[in-house]
Amino acid sequence: MAYRVSNRPAFKLVRAPLDRKWMDDSRDRFAYRCLPLLIANQSGWLALNSVPFRASWNGGWDKACMAVEALDGVSELPAITHFGEGVLTFHMPWLFRTPPGWNLWAHGIPNHPKDGIVALEGVIETDWALATFTMNWKFTARNMWVTFEKDEPICMLTPFRRGDLESLDPVEKDLAENPEMHAAYTEWSASREKFIKDLNKPGSEAQAMKWEKDYFRGLGPDGKVMPQHQTRLTLKEFEPIKKK
């Protein structure tokens with residue numbers, strides 16, 4: 001649940017899309033063959049910027065070391081320098097509420113690189129907190145203008161259940177300790193190596209296939225589709241505020 005506490009900035013909330021511009025521009029759109037990328041792209045909701053603006057940082061620690069300018073020349077800025085240290089701050093205009101025991105991870109946009117600046121990330125206990133939070137970006141380049149366009153994503157929101165990570169018991173073992181998995185991996189590795197070599201052979205099956213699709217299709221070593229395999233997420237959109 002997102003309770004809007006202010007109409008400014010007029011950010012929008014949308015479910016994260018599958019596509020990315022650089023993936024569209026990749027040769028033969030090859031980037032879309034990587035299912036882990038696609039699932040990460042869709043794993044949350046996006047807050048979209050409301051006013052096009054640009055910002056620059058000269059490398060100093062003080063607030064005065066950053067300049068922020070609206071590109072339309074008239075709108076109120078959706079981001080400011082609040083903390084100094086080359087950090088650009090977006091005040092989120094919502095108070096979020098998650099189910100009991102769920103946190104909200106506010107983070108950068110997966111597989112969406114941006115020159116000169118990087119998203120800082122935070123985890124909030126949104127099942128009880130009554131404080132709003134900020135989304136912050138840290139400059140990595142000095143004396144460089146960085147532009148945020150209208151409707152460009154400035155934050156991704158991903159809920160996760162508190163305590164799940166801590167419930168795991170991580171263990172490192174040698175693969176040979178699991179004979180069945182070791183045999184399956186060895187078979188896959190040999191097949192993978194042969195496929196890569198055959199890509200350079202004219203008329204080969206590998207050249208006709210172009211890329212291996214077993215993981216994308218969720219096919220296990222025995223050729224069966226793995227249960228609960230996903231190739232796309234189906235998150236719901238935020239319902240808009242009902243007008244009275």
Per-residue ellipticity at 222 nm attributable to helices in the chain (runs of n ≥ 4 DSSP H, -39500 (n - 2.57) apiece, nearest 500 deg cm²/dmol) works out to -4500 deg cm²/dmol
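Which loop-located chymotrypsin sites (Phe, Trp or Tyr not before Pro) does segment 1-61 contain, where loop means any DSSP state but H, G, I, E or B and the Cβ has at most 16 other Cβ atoms within 10 Å?
Numbers: sites: 3, 11, 22, 30, 32, 45, 53, 57, 61; in loops: 11, 61.
Filter output for segment 1-61: 61.
In percent, what relative contact order does the chain have, based on Cα pairs under 8 Å that are 6 or more apart in sequence? Display every interim value, and only then the final one.
Working: 411 pairs, mean separation 52.7, N = 244.
It comes to 22 percent, rounded to a whole number.
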Listed by chain and number, the residues whose amide H is under 5 Å from that of residue 96, excluding neighbours fewer than 5 places away on the same chain and using placed H, are 3
Site residue 27, offset 7 angstrom along Cα→Cβ, radius 20 Å on amide nitrogen, limited to segment 194-233, gives 195-213
Tilt, helix 179-198 to longest principal axis of the chain (alpha-carbon atoms), in degrees rounded to tens, equals 90
Highest GNM mean-square fluctuation among 31, 176, 16, for the chain with Cα springs under 10 Å, belongs to 176
Among segment 2-29, those whose backbone N falls under 20 Å of a label point 7 Å along Cα→Cβ from residue 72 are 6-14
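Between residue 173 and residue 118, what length in nm is gained on full extension when 0.36 nm per residue of separation is reduced by their alpha carbon distance?
On the way: separation 55, 0.36 × 55 = 19.80 nm, distance 3.50 nm.
My answer for the length gained is 16.3 nm.
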Relative contact order of segment 95-183 (C-alpha contacts under 8 Å, at least 6 apart) in percent is 35
Expressed in nanometres to one decimal, the distance between label points 7 Å along Cα→Cβ at residue 198 and residue 165 is 4.1
Contour minus Cα-Cα span, residue 237 to residue 85, at 0.36 nm per residue, comes to 51.2 nm
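Quick note: the coordinates plus some simple rules give every number you see, no bench work behind them. All values derive from a computational prediction rather than experimental measurement. Every residue, glycine as well, gets a Cβ built from its backbone with ideal geometry; the counts of neighbours run over all protein chains shown.
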